[in-house]
Amino acid sequence: MFETLFEPYRYYSTEAIILEVIAIFFGLLSVFLAKKNHIGVYPTGLVSTVLYVYLLWQWGLIGDMLINFYYSTMSIYGWFLWTQKHDKEYDYPISQMNRTDFHKSIVIFLLTCIFVIVIYNLFNKFTNWTAYVDTFTTGLFFVGMWLMAKRKVENWILWIIGDFISVPLYYCKGYTLTSIQYLVFTIIAIYAYKEWKNYLPQKI
């Protein structure tokens, strides 16, 4: 079973495997810090996403590379928002989505899917079922990252769905280590959703 899981890595360079392991380590650390509502989620996440941008470009996974490039830019944006305070109170405390957030999320999701479709057509990537799933998960992850920057508790719901789908997706692509990472992401995201809900003001 072990050989079956890691068979694709027989053809990967040692450098690529080491970089993937490092990216996974910082990715897991980043999600753990996000669960704890710790600003360290962003610098650690940047290390992971920048490494993945490089690796995914090397592997020819353009859609996945774009996701991680977006993560990198949104990490800088989120890092900035999470530092903003007035009178020792955060400008963006953990809260729930309102109607405006919901409408913006739909727009971001649709625009992201359209963008991915255009890029995939440009690079002729719609040759496998994974490309269609990629389009959907990319939309989820783009919205999830935006909601996390705004500290909206619902961001974890999107991460749970997207991460769960990504487990078999990356395994089918031949990246077992990354698939395992997404499995751990799913578990952490479930606990993070429950933990963040505890930060919400209690209804009387």
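Values in this text are rule-based calculations from the coordinates and carry no lab data. Just so it is clear, the model here is predicted, and its values are computed rather than measured. Virtual Cβ from ideal backbone geometry, glycine too; neighbours counted across all protein chains shown.
Quick notes
- Gained length - Lys88 relative to Tyr191, 0.36 nm times residue gap less alpha-carbon distance: 34.3 nm
- Once the Cα-Cα distance is subtracted from the 0.36 nm per residue extended length, the Tyr11 to Tyr54 segment shows a gain of 13.7 nm.
- Helical content of the chain, expressed as a calculated mean residue ellipticity at 222 nm, amounts to -26000 deg cm²/dmol (DSSP H runs of 4 or more residues, -39,500 (n - 2.57) each, divided by residue number, nearest 500).
- Taken about its Cα centre, segment 82-187 carries a charge dipole of about 80 debye when Lys and Arg each add +1 at the Cβ and Asp and Glu each add -1 at the Cβ.
- Each of Leu140, Ile119, Ser95 was scored by the projection of its Cα onto the charge dipole of the chain, and the greatest displacement toward the positive side belongs to Ser95; charges sit on the C-beta of Lys, Arg, Asp and Glu.
- Nitroxide proxy distance, nm - points 7 Å out along Cα→Cβ at Tyr199 and Cys172: 3.5
- Charge context of Lys152, other residues only, Cβ under 13 angstrom, K/R +1, D/E -1: +3
- Remark: the chain is approximated by an ellipsoid whose semi-axes, taken from the C-alpha gyration tensor as √(5λ), come to 30, 19, 15 Å, largest first.
- Take 96-107, 60-71 and order them by the average number of nearby Cβ atoms within 10 Å per residue, most first; the result is 60-71, 96-107.
- Kirkwood Rh and Cα Rg combined as Rg over Rh, evaluated for segment 90-140: 1.18
- Hydrodynamic estimate: the Kirkwood radius of segment 44-92 over Cα pairs, inserted into Stokes-Einstein at 25 °C and 0.890 mPa s, corresponds to D of 208 µm²/s.
- Size descriptors for segment 12-76, from the alpha-carbon set: Rg then Dmax equal 11.8, 36 Å.
- Cβ-to-Cβ counts within 10 Å put Trp159, Trp57 in ascending order as Trp57, Trp159, the fewest first.
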